[in-house]
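Okay, structure first, notes after.
The values are calculated or read from the model by the stated rules, or taken from the named source; none is laboratory data. In this text, all values refer to a predicted model and were calculated from it rather than measured experimentally. We place every Cβ from the backbone using ideal geometry, glycine too, and count neighbours over all the protein chains shown. Quick note on the areas: whole protein, heavy atoms, side chains included, nothing else; ligands and nucleic acids left out. Shrake-Rupley method; radii C 1.70, N 1.55, O 1.52, S 1.80 Å.
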Amino acid sequence: TANILTADSGEKIVIDNDLIEIDFGDWEGLSKKEVENKWKKTWDQLQKDPAKITPPNGESFNSVIARAKNFLTEVVSKHPNELIAIITHEIIIKVLVIIVIQLKTSSYHSFEIKNSSLTTVCFNKDKYLLKELNNTSHIL
């Protein structure tokens, strides 16, 4: 996606490990139904508040939050007053939104992020402003 978006502009693509998808450990490659059937209690807790679980042999949701916070702090300090395009995965986008508008992690399942959607955040005077969430109007 980043290559497509920068093809004509020549803008530099920077890959940041803080934006990689969560490591689902033993859940990788399984369907939601398979995970729910094998790890019912953990799955149920995930639906209530993902910050309270860690997939078996995977990464905790709190670790993802810490990575996302680190990324936001770094990008704002390195690129003040600049327009930055961030291309990443659904979970990371949802975590960034939770951080930006200071939601509880239990709100994770209260909104959706669709593939190829646009979410716009501004940073001004030490405050984040969520200007657009899950915009898909550009998709035909």
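For the reader, a short list of remarks on this structure follows.
- Residue in the range 1-8 that is under 18 Å from residue 90 (Cβ atoms), assigned to a helix (DSSP H, G or I) and touching a Ser or Thr at 6+ places or on another chain (Cβ under 8 Å) present: no
- Boolean, residue 95 is more than 21 Å from residue 5 (Cα to Cα) and under 12 Å from the mean Cα position of the chain (by Cα): yes
- Once the range 23-45 is narrowed to residues that are part of a loop (DSSP other than H, G, I, E, B) and out of contact with any Gly (no Cβ under 6 Å at 6 or more places or on another chain), the residue that is farthest from residue 94 (Cα to Cα) is 39.
- Single residue of the range 87-102 satisfying the filter (open to solvent by 70 Å² or more (accessible area, probe 1.4 Å) and not in a helix (DSSP H, G or I)) that is nearest to residue 21 (Cα to Cα): 89
- Some residue of the range 46-65 being under 18 Å from residue 119 (Cβ atoms) and not in a loop (DSSP other than H, G, I, E, B): yes
- Qualifying residues in the range 16-51 (those that are among the aromatic types (Phe, Trp, Tyr) and touching a residue at least 12 places away in the same chain (Cβ under 8 Å)) - the one surrounded by the fewest Cβ atoms within 10 Å (Cβ to Cβ): 24
- Figure legend. Inter-residue proximity from the range 84-95: first residues in contact (Cβ under 8 Å) with a residue 60 or more places away in the chain, second residues among the acidic types (Asp, Glu) and surrounded by 15 or more Cβ atoms within 10 Å (Cβ to Cβ), beta-carbon distance below 9 Å, spacing 6+ or different chains. Indicated pairs: 92/18.
- Residue in the range 120-137 that is more than 21 Å from residue 18 (Cβ to Cβ) and touching a Lys or Arg at 6+ places or on another chain (Cβ under 7 Å) present: yes
- A count restricted to the range 122-137 and to residues that are surrounded by 13 or more Cβ atoms within 10 Å (Cβ to Cβ) and either modelled with pLDDT of 95 or more or more than 19 Å from residue 76 (Cβ to Cβ) (or both) stands at 4.
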